[in-house]
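I have placed the structure first, in the form of structure tokens, so that the comments after it can refer back to it.
The values are calculated or read from the model by the stated rules, or taken from the named source; none is laboratory data. Note that the structure is predicted; figures quoted are calculated from it, not measured. Note that we place each Cβ from the backbone using ideal geometry, even for glycine, and neighbour counts take in every protein chain shown. Calculation scope for accessible area: heavy atoms of the full protein, side chains included, ligands and nucleic acids excluded. Shrake-Rupley method; radii C 1.70, N 1.55, O 1.52, S 1.80 Å.
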Amino acid sequence: MTLDKLKNSLKILFIYLGLTIVCLSLFPAATVLLSHQLQETLSSSQSDTAFSQPLDQLLRQMPVTVLTQSLPQGYRVETAEGNIQFVPPAQLIAAFLLSETEALPENWEQQPSACMAILMRAIGLHSALLGMIGDQTEGISGEKLNDICWLTTDQYEKIAQPLQDSQLSRAELEKNSASAIVQAAEVAAGYFLSQNGRLVRECGEISVEEIWERLIAQQTPKEIWEELCGTGIQIETVKNP
């Protein structure tokens, strides 16, 4: 899927999100509750996390393109139980990463190489998720877009185990002591990978452990991504790098 098609799909998603906001405005109590929940889920400041320095290193090494459009504020997700949830990108990425940190050492968030591995995995995963969303929603608008899933369980199987309802909840993230994972996901949610104008999905299949082992072996992030996912990869962002 090309970036132009992704941009068209995102425009359609923005229309849907705008209608959602209008509907929520008719119910002030619901709006306040939703806003409060999202703020609690994604309350950490990017600037003082363990991932700020790895992100700076990553952006210095890679070509970076800034998009003029913003990304969706949430995705309609089908869980393994068949339910549909509207999930913020960072929360979805964090849910995918929960089990993968088991391969890292204790107190991994204090090790720069482990933080870089998590960040790289999260950005690659976000790229794959955006590609799947674009495929699922391409050419769909209006009420039909509001009725379908943007990400389905069978798509998850290409990049990770199917997600359960509990894995997508803030309570599950707290239970797993995942504050550092959430911080990494918050940082990564504004970035994805492209190659010759196309989303890079293959980097969404590379495990945290595999990336980490290559970083320990003194490979740079650029070398790792190009060796495993192809040459000419660059970072796309909705933020000023």
Dipole of the stretch 49-138, positive direction: furthest Cα of A80, S99, T68, with charges on the beta-carbon = T68
Relative to the present Cα-Cα distance, how much length would full extension add between S179 and Q53 at 0.36 nm per residue of separation?
-> 43.6 nm
Given charges at beta-carbon only (K, R positive; D, E negative), |dipole| of the stretch 106-232 in Debye | 260 debye
Calculated FRET efficiency, N196 and Q218, Cβ-Cβ r, R0 30 Å, to nearest 0.05?
-> 0.60
Could you pull out the GluC sites (Glu not before Pro) across the stretch 146-190 that fall in loop regions by DSSP (anything but H, G, I, E, B) with no more than 11 other Cβ atoms inside 10 Å?
-> E157
Under a straight-distance cross-link criterion of Cα-Cα below 19 Å, which aspartates and glutamates are reachable from K158, leaving out those fewer than 8 residues away in the same chain?
-> E78, E81, E100, D135, E202, E205, E209, E210
Over its alpha-carbon atoms, the stretch 119-241 yields an Rg and a Dmax in Å of 15.7, 51
For the stretch 46-122, give the percent of accessible area contributed by carbon and sulfur heavy atoms, probe 1.4 Å, rounded to a whole number.
-> 42 percent
Nearest 20 debye, what's the magnitude of the dipole of the stretch 54-157 about its Cα centre given +1 on Lys and Arg Cβ and -1 on Asp and Glu Cβ?
-> 400 debye
